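Asker: Take this structure, written in structure tokens, and hold onto it; I'll ask about it next.
The values are calculated or read from the model by the stated rules, or taken from the named source; none is laboratory data. Here the structure is a predicted model, which means the values were calculated and not measured. Methodologically, a virtual Cβ is constructed for each residue, glycine included, from the backbone with ideal geometry; neighbour enumeration extends over all protein chains shown.
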Amino acid sequence: MSGSVRLLVVSLFLALAACSAPAGVKDSVILAADPAPKLSDYGFFATANAGAAVADGVRPYDLVNALFADYAGKHRFVYVPKGQSATYNPDTVFDFPVGSVLIKTFAFAPDMRDPALNERWIETRLLIHKSEGWVAYPYVWNAEQTEAVYSPVGGRQIVKTISPEGEALTINYAIPNRNQCKECHSRNKVFTPIGPSARNLNHVGPAGVQQIADWTERGILTGAPAEGLPTAPPAFGDQPLEQRARAWLDINCAHCHRAGGGASNSGLFLAWNETTPTGWGVHKRPTAAGRGSGDFLFVIEPGKPDQSIMIHRIGSVEPGVMMPELGRTTVDTRALALIREWIAAMPPVAQ
Amino acid sequence: MRVILATVSVLALVSACSPAAPPKPVALAPSATANDDLQKQLIEAKPGDVIEIGEGRFDFATPLSLDVDNVTLKGAGQDKTFISFKGQTGAGEGLLVTSDGVTLTGFTMEDAKGDGIKSKGADNITYKDLKVVWTGGPLTTNGAYGVYPVESKNVLIDGVTVSGASDAGIYVGQSENIIVRNSRAEYNVAGIEIENSSNADVHDNVATHNAGGILVFDLPNLPKIGGHSTRIFNNQVVENDTQNFAPPGNIVANVPTGSGVMLMANQNVHVFNNTFDKNQTTHVLIYGYSFAFDDERYNPLPRDFVIRDNTYGDGGNSPQGRLAPLAPAIGGKLPAIVWDGVTTYHGKTEDVRIAVREKPEVGFINLGLGVTPIDLTKAKPSTKRLPDFEIAEPPAVVLPQDKPATKEGA
């Protein structure tokens, strides 16, 4: 068969498939060996956009605490294949069956004090549970906002916006490449979702209902107890300061700063359930910080935020100094104030 | 000859027509899209692939990463292929490798904002004939580590040059089975450092113009502690005279400028057949971990060390850093080998064995500090060597990716 004939046949086949395919999620595209070239190929959204009109089986959700990503608005959706469900864990991310997809669209409005007004989608990241494990596929939206295209190397986009605090910002927004996705999502070399755990889902989400009960009712999740569910303290809520600070560090840092994470060799472990103060930085000396130390001796110098490496790095936007290393180009001023307040309130340690 | 050529041509034609013939890999050339093009190749690589970077200067803004096993990243040569990260806009290192069986060779990386090349949990990795440099010379604002394998098994560093690192030029941490050889470390804070690692051979290297030449450390509060079994031999450790420029807070900021080999905590370290000259603090410095710590697993003492058969030139004539205040009391000069004499920590005293098997004229001092955390005012210096203990030397490190060169044709 000559090349052109083959092409013709393939095109014809594709055209037929497009005409005859029912609207909705295409499990075969999800489970294909290679990423689909376009986001619309998966059929997650009823129209060719990442808005609220979703296909059957795709459910919006959000998290109690989220990773700071230069103030980007985030729209999250979960898809679990029909007839299957994720299994509840009290402490870790749920076990999702093969064929599940976690969808996250990053978006900006011209003024993030009103994030729904004239919002523009920048990128949509798919975490797909293939039979060999989870993979991450980045899709970047076109200027017309009609389609997002598979972009394994990510990229940069200049975004002008006004922060929720009213500050005018020009952000050199970084869309991560596939490997950078892995840097945050790898645990003992296994690609692992970060967000959808009981602690982080257990509240009323964007669908206006309690998310764990909703997922259970819809068959997305099994095994969740009816009561006694754990909940993360909202980082900017009204619970005790230490709990809120630790909750913020958990979702913003602990994907790397944990045993088996990307920063495991630092010995600085920032998960909410870390039990030793040295582990989360109190009077811990830096290991591989280089100039990231800011000339300070300890990750946390209790009572002295201005002499704590943690504050220096959360407050920096300089590559090689800033933490997290990926995912932001601006300072999360609200979080910086929270962590500063937490360290300032710690009783000083005798040298 | 003509027949052979003709045959080759026919073969080439035949394979060109075969639909299964993969396209010949083309070396990446400098271009506006080279950064993305290379990263795409690294993401889409298949095990066994060789990714080639051509001659020229590559000014990259976005750091590189590789997570596919058994891939070779190969430049046209360390004096032909230059990757500059002067304009780097994100991440913590120039190149991050997180897969096994990778070989990196034939390029120079310049001015990474953080570390140069990091490989983490990357077993059987080879760094061969490459350079990592900070072109502005030794500056506190340079990245911490030049080459930085960590949490890995079977690490080979061969023919690597690192210059300007604000921590260690060649650093291997929390790893096992390590060879660092035929390499050059200069104008770094630490030239070569083996930290919290076991079974390392560091040999036939040149460490010069660093603050400290070669370091073997063990530190508390890290996932892997208990470094042991390191051999340091046939190295040139000379003129380590760059003022320590590490940012304070980092452990290497405590390395006195002009230390040849510095050994801290650790067990079973053997230093032999090296050449030491013109290291102004001392040639061999043996120290306990001297800060307070709360890690129950950790032993801060250097123990079961052998220092033998080295060649010592001038040195110790101007001790620096924390040892400077001690020098006046002992004639203003430190001998070739200095041990802090710490044997007690957390109320426990150990029978520390430090075997110095050198000619009688090679100077030795035991500072007699006794307890860690140390108090320098408690020094009780003595020049008496300890008894000559028998301490078995670890066997030579053998790596699966390091096939020994055959003698034939050599």
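Asker: Which one of A:I212, A:I194 is in contact with a Cys (Cβ under 8 Å, 6 or more places away or on another chain), among the hydrophobic types (A, V, I, L, M, F, W, C) and away from every other protein chain (no Cβ under 14 Å)?
Answerer: The unique qualifying residue is A:I194.
Asker: Still on this structure: Does B:D67 fit the bill of being crowded, with 20+ Cβ neighbours inside 10 Å, of a type outside the set (A, V, I, L, M, F, W, C) and in contact with a strand residue (DSSP E or B) (Cβ under 9 Å, 6 or more places away or on another chain)?
Answerer: So B:D67 passes the test.
Asker: I'm told B:A190 meets every condition in (1) closer than 21 Å to A:A263 by Cα; (2) within 14 Å of chain A (Cβ to nearest Cβ) except one. Can you identify the failing condition by its number?
Answerer: Unmet for B:A190, out of (1) closer than 21 Å to A:A263 by Cα; (2) within 14 Å of chain A (Cβ to nearest Cβ): (1).
Asker: Output the number of residues of segment B:372-400 satisfying the condition of being of a type in the set (G, A, S) and surrounded by 11 or more Cβ atoms within 10 Å (Cβ to Cβ).
Answerer: 2
Asker: I would also like to ask the following. Restricting to segment B:193-251, what's the tally of residues that are small (G, A, S), outside any loop (DSSP other than H, G, I, E, B) and within 14 Å of another protein chain (Cβ to nearest Cβ)?
Answerer: 0
Asker: Look at segment A:110-140 and say how many of its residues are in contact with an Asp or Glu (Cβ under 8 Å, 6 or more places away or on another chain) and surrounded by 18 or more Cβ atoms within 10 Å (Cβ to Cβ).
Answerer: Total meeting the criteria: 3.
Asker: With the requirement that a residue be touching a Gly at 6+ places or on another chain (Cβ under 9 Å) and more than 21 Å from A:H255 (Cβ to Cβ), what does segment A:269-306 give you?
Answerer: Hits for segment A:269-306 are A:R285, A:G290, A:R291, A:S293, A:G294, A:D295, A:F296, A:L297, A:F298.
Asker: Please find, within segment A:60-77, the residue that is farthest from A:H203 (Cα to Cα) out of those that are out of contact with any helix residue (DSSP H, G or I) (no Cβ under 8 Å at 6 or more places or on another chain) and not in a loop (DSSP other than H, G, I, E, B).
Answerer: A:G73
Asker: Among (1) crowded, with 24+ Cβ neighbours inside 10 Å; (2) under 19 Å from B:F233 (Cβ atoms); (3) not β-branched (V, I, T), which single condition is B:D304 missing?
Answerer: Going through (1) crowded, with 24+ Cβ neighbours inside 10 Å; (2) under 19 Å from B:F233 (Cβ atoms); (3) not β-branched (V, I, T) one by one, B:D304 breaks only (1).
Asker: For segment A:42-59, check the following and say yes or no: at least one residue is modelled with pLDDT of 95 or more, in a loop (DSSP other than H, G, I, E, B) and either charged (D, E, K, R) or touching a strand residue (DSSP E or B) at 6+ places or on another chain (Cβ under 6 Å) (or both).
Answerer: No, that holds for no residue.
Asker: Given the residues B:A76, B:A144, B:A91, B:A168, which is the only one that is within 12 Å of chain A (Cβ to nearest Cβ), in contact (Cβ under 8 Å) with a residue 12 or more places away in the chain and over 18 Å from the mean Cα position of the chain (by Cα)?
Answerer: B:A91
Asker: Only one of (1) on the phi < 0 side of the Ramachandran plot; (2) away from chain A (no Cβ under 14 Å); (3) out of contact with any Pro (no Cβ under 7 Å at 6 or more places or on another chain) is not met by B:I125, so which one is it?
Answerer: Every condition holds for B:I125 apart from (3).
Asker: Looking at the structure I just gave you, is B:P335 more than 14 Å from chain A (Cβ to nearest Cβ) and in contact with a Pro (Cβ under 7 Å, 6 or more places away or on another chain)?
Answerer: Against the criterion (more than 14 Å from chain A (Cβ to nearest Cβ) and in contact with a Pro (Cβ under 7 Å, 6 or more places away or on another chain)), B:P335 does not qualify.
Asker: What are the residues in segment B:57-73 that are of a type in the set (D, E, K, R) and within 14 Å of another protein chain (Cβ to nearest Cβ), if any?
Answerer: Result: B:D67, B:D69.
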